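Worksheet for the structure shown next.
The numbers here are math on the coordinates, done by the rules we state, and not lab data. It should be emphasised that the depicted structure is a prediction, and the values quoted were computed from it without experimental measurement. Here the Cβ positions follow ideal geometry from the backbone for every residue, glycine too, while neighbour counts run over all protein chains shown.
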Amino acid sequence: MFRGSSFHTIDAKGRIIVPSRFRDGIREGGGDGIMVSRMDSCLVAYPYDEWNKIETRILSLAEKSENMRRFRRVFIGGAFECTIDKQERTLIPQPLRQYADLEKDIVLVGVLDHFEIWSRSKWEKENMELEDDLKKEEVRNEIARLGL
């Protein structure tokens, strides 16, 4: 499981250091790397076993709508397998770095079955938007259903 946030930098070659607590989750998930794709202006990183579950669910869907075809095309078609090297880094491919605006300061955010990779500026904007959303009754009610 992936929890918590870590502030890091991405080097000039596009490599990031994966925190040890995330590497433990990656190893438990069946390997020495992650599958990385794009969503919500950030990157999503899944251990191999979780990625396989996603692919299985997508394949099993009877829904063949234009929206689902487009989603599969972008989400699965834009995914990259990223291994972790001996220095505990992984290379984020250029198309993904460009999509998420990863230039220097980044944030890795654990969200249970995967983690997200954000540019720091987009992460700060996401946090500010959540604060605004928390003022809305419908959002508070949704969170309250979790028992929080």
Handout entry: Long pairs among Lys64/Lys135; Lys13/Lys135; Lys13/Lys122, criterion Cα-Cα beyond 30 Å
Key = Lys64/Lys135; Lys13/Lys135
Exercise for the section: Identify all lysines with a Cα-Cα distance to Lys136 below 20 Å; exclude those on the same chain that are fewer than 8 residues away in sequence. Expected result: Lys125
Exercise for the section: Just flag the GluC sites (Glu not before Pro) in the stretch 86-148 sitting in loop per DSSP whose Cβ has no more than 15 other Cβ atoms within 10 Å. Expected result: Glu88, Glu103
Handout entry: Dipole of the stretch 5-89, positive direction: furthest Cα of Cys42, Val18, Ile54, with charges on the beta-carbon
Key = Cys42
Completion exercise
Note, Ser20: beta-carbon cut-off 11 Å, +1 each Lys/Arg, -1 each Asp/Glu, net +1
Completion exercise
Expressed in µm² per second, the diffusion coefficient of the stretch 46-88 from the Stokes-Einstein equation, with Rh the Kirkwood radius over alpha carbon pairs, at 37 °C and 0.692 mPa s, is 275
Problem - Positive-end residue, the chain charge dipole about Cα centroid, Cβ charges, pick of Ser121, Phe75, Leu146 - result: Phe75
Problem - Rounded Å value of the spacing that divides the Cα centres of the stretch 44-111 and the stretch 4-33 - result: 14
Handout entry: Residue-averaged [θ]222 nm for the chain, counting only DSSP H segments that reach four residues, each worth -39500 (n - 2.57)
Key = -12000 deg cm²/dmol
Practice task
Give the cross-link partners of Lys86 among the aspartates and glutamates, using a straight C-alpha distance below 14 Å as the criterion and excluding same-chain residues fewer than 8 apart.
Solution key: Asp32
Problem - Along the chain, longest interval not containing exposed trypsin sites (Lys or Arg not before Pro), exposed being DSSP loop plus at most 14 other Cβ atoms within 10 Å - result: 14-63
Handout entry: Choice from Gly77, Gly31, Gly14 with maximal GNM fluctuation in the chain (Cα, 10 Å cutoff)
Key = Gly77
